[in-house]
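What follows is a short report on a single structure.
The values are calculated or read from the model by the stated rules, or taken from the named source; none is laboratory data. Since the structure is predicted, the reported quantities are computational estimates derived from the model, not experimental observations. A quick note on method: Cβ atoms are made from the backbone with ideal geometry, for glycine too, and the neighbour counts reach across all protein chains shown. Quick note on the areas: whole protein, heavy atoms, side chains included, nothing else; ligands and nucleic acids left out. Shrake-Rupley method; radii C 1.70, N 1.55, O 1.52, S 1.80 Å.
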Amino acid sequence: MEEAHGCSISGPPELVLSHANGQRSIFNGHVKKRGHASRSWIKIDQDGNSQIVTLDKASIMRHCSLPSRDLRLLDPMFIYPSSILGREKAIVVNLEQIRCIITADEVFLMNSLNGSVGKYRSELCNRLQKEKSDDLPFEFWALELALELTCAFLDAQVNELEMEVYPVLDELASSISTHNLERVRRFKGHLLALTQRVQKVHDEIEQLMDDDGDMAEMCLSEKKRRSDPRSSNDLGLPTHRSGRARVISKSAPASPDRSISGVQMLQRAFSNIGNSSKHESLSSSSNNAEKIEPLEMLLEAYFVVIDNTLTKSLSLKEYIDDTEDFINIKLGQH
C-alpha cells in the first residue's frame, strides 16, 4: 500500500500490441479524435463560383449554427436514411449520394469522387451563372437540384431493375429451375432494399409538405432579411409593442366620450387588443403562406416524381409475389 501511494503517473498509459512476427507497437494515448478531423468540402456561392475548402467539424458547426448530431448525417463513415432538416440558418440535406449544407448564400457540399457529387457541383454552378433569377431564393435552387438528381438516380435504378427482372420472371414461369429461382431471390432482395430507399425519400418530402412550420423554417433568405435590423428600420415597420400601445390609447381616459365608465373603457380596450391580435395572426398566417408557396410547389413537383418511382417499385414487387404464388401452385400440382 505504501508503494502505491508513492507512485505518480506523468502521462497517459501506454498500450502495447504484440504482432505475430514478434514485433510490438507502443501507443502513448495521444490519439487525435476523429470527430474533430478536418474534411474536404466544395463551397458554392450565389454567383456559381466553387472552390474546395478544408474545414473541421467545429468550424462548420459554428459557421452554420448546427448541432453535432446534424453533421453526423453527412459523415461518409456512416449510412443514414435520407433526410432533409430545416434549421435556423441552414438546411441539412442527406439524399443518397448528395450530402450538403445549404445556407442563404452558399452551399457546403461533402466532397467525394462519386459521380453524383461532381454532377451536382457542375450543374448548380451552371444554373446559378446562366439561369438564376430573383424569383427563387438561392436555397431553393440548391435544394431543387438535390431533389432532382436524387429522384432521377432512384428512378433509373428502378427502371434498370425492371429490365432485368421481368424477363427472368417470365422465363421462370415457363421453366422452373434452381438457377432461375436463385436469380429471382437475389433480385427480390435488391428490390426490397431499393424500395425502402425510395419510400424514405417519398415520406421525407411528404412530411415537409404537411408541415407549414418546417417549410417556413427552410425559407433562409426570408429569415435572414427579417433578422437584419437595417431592413426592418428601412421599411419603418412598427413593433408589436408600439402597435398595441396605440390600440390602448384609443380607449384612454382622454377620449372625447367622457360618459363611458371605467369598466366599459377596460372592456373596449381588451376588445380592441383581441381584434388587433386576431388581425395580426391572420396577416402573419397569410404572409407565411405566400413565403412558403414556392417551396411547396417545388416539393409537390418532386413528390409526384418519387411517387411514380415508388409505384413502379411496388408493382414490380407485386409481380414477383404473383409469380412465386404461381410457381408454388404448379409445384403443388406435381
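Here are a few things to note about the model shown:
- For region 133-146, the criterion of being aliphatic (A, V, I, L, M), without any contact (Cβ under 8 Å) to a residue 40 or more places away in the chain and surrounded by 13 or more Cβ atoms within 10 Å (Cβ to Cβ) is met by at least one residue.
- The lone criterion from (1) at positive phi; (2) in contact with an Asp or Glu (Cβ under 8 Å, 6 or more places away or on another chain) left unmet by A104 is number (1).
- Scanning region 147-166 for residues that are open to solvent by 40 Å² or more (accessible area, probe 1.4 Å) and among the hydrophobic types (A, V, I, L, M, F, W, C) yields a total of 4.
- Search result, residues across region 304-334 that are of a type in the set (A, V, I, L, M, F, W, C), open to solvent by 40 Å² or more (accessible area, probe 1.4 Å) and under 30 Å from E148 (Cβ atoms): V304, V305, L314
- Residue in region 261-281 that is open to solvent by less than 90 Å² (accessible area, probe 1.4 Å), modelled with pLDDT under 80 and not in a helix (DSSP H, G or I) present: yes
- Residues that are surrounded by fewer than 19 Cβ atoms within 10 Å (Cβ to Cβ) and touching a residue at least 24 places away in the same chain (Cβ under 8 Å) number at least 2 in the following strands (runs of 3 or more DSSP E) confined to region 48-123: 50-55.
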